[in-house]
């Protein structure tokens with residue numbers, strides 16, 4: 001009983017606020033709470049269907065396939081859509097489930113704009129890391145073999161990992177965030193391939209974004225409030241007295 005109570009207490013502390021926020025948004029607004037997520041799931045499903053058609057593989061490859069061996073300008077142009085192009089060697093349901101769950105939670109907790117920014121920055125970090133890793137070569141711990149320059153590098157996994165870390169940081173789910181980081185590190189140790197190392201690059205980008213956000217919040221809290229901000233800082237509306245307990 002004591003162990004069960006301890007586990008229940010841990011779950012409430014770790015996931016309780018996050019669960020309450022997500023559940024409240026879904027109950028109140030239903031699908032309108034996650035339009036970005038639903039659009040991302042639909043776009044990924046469409047890309048999967050189209051790229052598996054004889055007539056569709058070429059167009060999807062032309063606008064969404066990223067390789068480290070491509071010119072940088074072309075890779076940067078294709079990176080946004082590459083996030084929604086499922087890897088051909090992996091089951092598409094995995095990508096759809098990742099987007100539905102992690103993007104959905106992030107859209108509710110972070111908002112649509114920040115979700116898009118984090119997803120893109122983390123995906124871009126993986127894309128740029130691949131070039132750096134190949135330049136370093138297979139000798140270094142962060143290096144990659146030259147053959148990886150020809151690997152088609154698509155899918156939402158880097159964005160999913162980055163969003164998971166940022167949401168855990170924002171909502172103080174420290175154990176879950178640490179578990180994500182450890183799992184990705186173990187993945188690289190067990191199977192040191194391009195995808196695993198890109199996940200670490202996405203985590204590094206996510207942590208940088210979290211640090212920047214924390215510094216901004218600290219700077220905002222330290223700076224003297226302007227005339228229109230006093231009501232916001234003390235929890236009351238402008239012109240109204242603060243509510244005291």
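What follows draws every value from the coordinates through simple rules; no lab data is involved. Quick caveat, the model's predicted, so the values are computed rather than measured. Glycine gets a Cβ as well: all are built from the backbone with ideal geometry, and neighbour counts include every protein chain shown.
What to note about this one:
- For residue 155, the conditions (1) exposed (fewer than 13 other Cβ atoms within 10 Å of the Cβ); (2) at positive phi are fulfilled apart from (1).
- Test: residue in the stretch 199-207 that is without any contact (Cβ under 8 Å) to a residue 12 or more places away in the chain, within 16 Å of residue 126 (Cβ to Cβ) and either surrounded by fewer than 17 Cβ atoms within 10 Å (Cβ to Cβ) or touching a helix residue (DSSP H, G or I) at 6+ places or on another chain (Cβ under 9 Å) (or both): no
- Residue within the stretch 158-177 that is touching a helix residue (DSSP H, G or I) at 6+ places or on another chain (Cβ under 6 Å), closer than 24 Å to residue 80 by Cβ and without any contact (Cβ under 8 Å) to a residue 24 or more places away in the chain present: no
- Of all residues in the stretch 76-98, those being closer than 21 Å to residue 117 by Cβ and either in contact with a strand residue (DSSP E or B) (Cβ under 6 Å, 6 or more places away or on another chain) or surrounded by 15 or more Cβ atoms within 10 Å (Cβ to Cβ) (or both) number 10.
- Only residues that are in contact with a helix residue (DSSP H, G or I) (Cβ under 7 Å, 6 or more places away or on another chain) and either over 13 Å from residue 103 (Cα atoms) or loosely packed, with under 13 Cβ neighbours inside 10 Å (or both) were counted across the stretch 35-58, and they come to 7.
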